[in-house]
Structure formats: C-alpha cells, structure tokens
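Student: Could you have a look at this structure, given as structure tokens, before my questions?
The values are calculated or read from the model by the stated rules, or taken from the named source; none is laboratory data. Just so we're clear, the structure is a prediction, and the values are computed from it rather than from any experiment. Glycine also receives a Cβ, built like all others from the backbone with ideal geometry; neighbour counts cover every protein chain displayed.
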Amino acid sequence: MRRIELSMNENIKYEAIKKLVETNGNKRRCAVKLNCSLRTVQRLIKAYKEKSKEAFAHKNRRVPSELTPKS
C-alpha cells in the first residue's frame, strides 16, 4: 500500500469527515465548516467509508519521472 500525501485543503476535509464519521456528528455543522453543501458532505462520507484517505487526494497528480516504469 502506498503512502497518501494530501494538500492542506484536502487534509482539512479528510480530518473533518473522519471526525464526523467516528463521533456520529452533525452533517450540517460540518458542511458549514467546510463551506460546502450537505450533499457534498454526504458524498465525502461515502467516499471516506469506501476508500478512506485515498478518496480525498485529487486525481490529477503528477507522478515523478523516476517512479514511472520505463519501456
């Protein structure tokens, strides 16, 4: 399993959703904290339960050339 590095904003979202799921907190309060809609919070909760931290990493990331397989 590879290590997931999150940006500051991604990490804030991850920590907020993690706490929400673990403590069965208030979704509306979390939505206000993250400045997003209730529906987005529900999507983030679903993604957190399925993929954990990996779900919060933006998919358009550059892979360093030394890590790409060479043909």
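Student: Which of the residues belonging to segment 1-25 are part of a helix (DSSP H, G or I) and free of Cβ contacts under 8 Å to residues at least 40 places away in the same chain?
Tutor: MET8, ASN9, ILE12, GLU15, ALA16, ILE17, LYS18, LYS19, LEU20, VAL21, GLU22, THR23, listed by residue number.
Student: Cβ-Cβ distance below 8 Å, separation of 6 or more or different chains: which pairs start in segment 40-62 with a residue that is at negative phi and surrounded by 11 or more Cβ atoms within 10 Å (Cβ to Cβ) and end on one that is modelled with pLDDT under 85 and of a type in the set (Asp, Glu)?
Tutor: These pairs meet every condition: ALA57/GLU5.
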